[in-house]
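Visitor: So that we are looking at the same thing, I have put the structure below in C-alpha cells.
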Amino acid sequence: MAPVQTPPALPPRVLVVDDEPALREVIEDVVRDGMSCRVLSASNIAQARRILATQSVQLLVTDIHLPDGDGTSLLTTLQRHQPSASAIVITGAPTMDVAIAAMREGAVDFVPKPFTHNQLVERLQRALDRQARLDKQEKRFDRLKVAVKRLNEARRTIGQKVDLLCNDLVSAYGELSRQLDGVRTQEGFRKFIEGAKDLEQLLCHAMDWLLRQVGYCNVAVYLAGEDSEFQLGAYMKYTLAGDQILTDAVKRVLLPLAVRDGVSHALANEQASQFTPQELALLKGQDVLAVNCTYLGESLAGLLFFRDSRTPFTADDEALVKAISPIFAVALASVVRDTNTDAGDAGDAGDAPDEDGPSAGADDEDEGNVKDKKPKSRRRPDPADWWKNGGKSPF
C-alpha cells in the first residue's frame, strides 16, 4: 500500500497597503524574493477591504496614513474576515500613542520609517511565524472539535446500546428469576406430595399444599376415567358446600374450558350464560381459577378453585397452579400405576398356595405364644391428612 502523500503547503499571502508606489514595490520585492510569499497590494483602504473580503491573507502590512483614512481601521476588517491572520503597522511619524492604538486594534508589530532591509525581513518573518503557529493551532482546534463531536456521537451510541443491553439484562434476569421461582415451587410441591401412599392421600396432600399457597378457597379436583370422562375426586369446602348441583355445573361448564385452554381464570360472559339460574346463583360473585393437569399429552385431572371475587386470585396464583399441574399429573399417574401393580400382585398371591404357612393346628398350639408378642405399632397419621380425618385446619 503506497503511503499517503501530503500536498505541498501553499506559500503564505501578504497584503501590502501603502499609497507610495516606491515603498510598496520595495516591500513587495522583499516579501516575494526574500521570503517566498505571494504578494497582494492596495493603495488605499477601499481596495484593501475588497481584497480582504474575497481572498485569503495570512499577513497584512499597512501604512497608517492613507488617502481615504487611517490604515489601522483595516485591522478590524482583517479580524472579521481573516481571524487567524497577523498585521504589521508602518508609519513615518511614530509616537507612543500611535503604537499603543495600533496594538489595541490587533497589530502584532509596529515598524517606524525608515527601516532597513534586514529589519523589514525580521519583522515580517516574525509575524508570519506567529501566524503559522496560530493557523496550526486553529487547525488542531478544528480537528479537536471534530474529534470531540465524533466522540460525543459515539458516546451517545454506546450509551444507547448500553441502555438496551441493561434493559435486556434486566428482562433476562427477571425471566430467569421467574423460572427459578417456578422450579422452586415445583420442587416444593413435589417433596410435599412424594410421601403419599395412595390416591386419597395424594389428593389430601395436594389440596393441603395448594390451600397454603393460594389461601382459603373452595377446591374441586376432577379425575379422568378410562373413558376420558371426568369424575369428582375430592372437594374442599370453604364457603360453598360441594352439592351435586354445584359440582355438576362446574364439571359441565368450567372444566372443559380448562381442558381446552390449559389455564382459565374468571368467568367470561359466554360461560356464565351456560349456567342455569340456580347454578349461576351459587357461583355469582365468585372468582374462578381452573387448570388442566396433563401427562404425556393426556388430561388426567382438572383443578378448580373459586372464592369471593372481592379476594380474587392473582397472576402469581395462576402461575403457581400452572407450574404444579404437570407435577400433580405425574404423581397421579404414578399412584394409579402403583395401585394397579399392587392389585395384580395381590391377585397372584391369592391364587398361589402358601406351602410354608401355618396350619390350623399350629395356630392352636401357638395361641399362648401370640399373647406374649408385642402388638405392631400403627403408622402415625400424616399432618396433611387433617381434612380426611376430620381434624381442624392447621392454617
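This table checks each residue for (1) touching a helix residue (DSSP H, G or I) at 6+ places or on another chain (Cβ under 6 Å); (2) modelled with pLDDT under 85; (3) in the same structural domain as Gln213 (by TED's automatic domain parsing).
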residue: Thr314; (1), (2), (3): no, no, yes
residue: Ala323; (1), (2), (3): yes, no, yes
residue: Ile327; (1), (2), (3): yes, no, yes
residue: Ala331; (1), (2), (3): yes, no, yes
residue: Val335; (1), (2), (3): yes, yes, yes
residue: Asp338; (1), (2), (3): no, yes, yes
residue: Ala352; (1), (2), (3): no, yes, no
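Visitor: With the condition kept exactly as written, say whether any residue in the stretch 88-103 is without any contact (Cβ under 8 Å) to a residue 40 or more places away in the chain, closer than 21 Å to Leu10 by Cβ and in a loop (DSSP other than H, G, I, E, B).
Guide: Taking every residue of the stretch 88-103 in turn, none turns out to be without any contact (Cβ under 8 Å) to a residue 40 or more places away in the chain, closer than 21 Å to Leu10 by Cβ and in a loop (DSSP other than H, G, I, E, B).
Visitor: A further question follows. Would you be able to say whether some residue in the stretch 180-200 is under 27 Å from Val336 (Cβ atoms), surrounded by 11 or more Cβ atoms within 10 Å (Cβ to Cβ) and touching a Pro at 6+ places or on another chain (Cβ under 9 Å)?
Guide: Yes - at least one qualifying residue is present in the stretch 180-200.
Visitor: Does Leu211 count as in the same structural domain as Thr314 (by TED's automatic domain parsing) and either part of a loop (DSSP other than H, G, I, E, B) or at pLDDT 90 or above (or both)?
Guide: For Leu211, the condition - in the same structural domain as Thr314 (by TED's automatic domain parsing) and either part of a loop (DSSP other than H, G, I, E, B) or at pLDDT 90 or above (or both) - is met.
Visitor: Output the number of residues of the stretch 201-220 satisfying the condition of being buried (at least 20 other Cβ atoms within 10 Å of the Cβ) and more than 20 Å from Phe313 (Cα to Cα).
Guide: Final tally of qualifying residues: 4.
Visitor: Out of everything in the stretch 89-106 that is of a type in the set (Gly, Ala, Ser) and over 60 Å from the mean Cα position of the chain (by Cα), what residue ends up being surrounded by the most Cβ atoms within 10 Å (Cβ to Cβ)?
Guide: Ala102
Visitor: Also: Is at least one residue of the stretch 264-279 assigned by TED's automatic domain parsing to the domain that holds Pro326, surrounded by fewer than 15 Cβ atoms within 10 Å (Cβ to Cβ), in a loop (DSSP other than H, G, I, E, B) and of a type in the set (D, E, K, R)?
Guide: no
Visitor: Does Val219 satisfy being touching a Phe, Trp or Tyr at 6+ places or on another chain (Cβ under 6 Å) and either closer than 30 Å to Ala331 by Cβ or touching a residue at least 12 places away in the same chain (Cβ under 8 Å) (or both)?
Guide: Judged against the criteria, Val219 is a match.
Visitor: Before we move on, is Asp33 among the charged types (D, E, K, R), surrounded by fewer than 19 Cβ atoms within 10 Å (Cβ to Cβ) and either modelled with pLDDT of 85 or more or out of contact with any strand residue (DSSP E or B) (no Cβ under 7 Å at 6 or more places or on another chain) (or both)?
Guide: Yes.
Visitor: Still on this structure: Filter the stretch 14-48 for residues that are of a type outside the set (S, T, N, Q) and in contact with a Leu (Cβ under 6 Å, 6 or more places away or on another chain); which is nearest to Ser73 (Cα to Cα)?
Guide: The qualifying residue nearest to Ser73 (Cα to Cα) is Ile45.
Visitor: Still on this structure, please answer the following. Across the stretch 300-329, what is the total count of residues that are part of a strand (DSSP E or B), surrounded by 20 or more Cβ atoms within 10 Å (Cβ to Cβ) and not basic (Lys, Arg)?
Guide: 7
Visitor: Okay, next question. Would a scan of the stretch 175-192 turn up a residue that is part of a helix (DSSP H, G or I), at pLDDT 85 or above, closer than 30 Å to Val321 by Cβ and small (Gly, Ala, Ser)?
Guide: Checked against the condition, which is being part of a helix (DSSP H, G or I), at pLDDT 85 or above, closer than 30 Å to Val321 by Cβ and small (Gly, Ala, Ser), the stretch 175-192 yields at least one hit.
Visitor: Looking at Leu124, Leu75, which one is aliphatic (A, V, I, L, M) and farther than 21 Å from Arg49 by Cβ?
Guide: Being aliphatic (A, V, I, L, M) and farther than 21 Å from Arg49 by Cβ holds for just one of Leu124, Leu75, which is Leu124.
The values are calculated or read from the model by the stated rules, or taken from the named source; none is laboratory data. What you see is a predicted model; the values in this text were computed from it and never measured. Quick reminder, even Gly has a Cβ in these numbers, built from the backbone with ideal geometry, and neighbours come from all protein chains shown.
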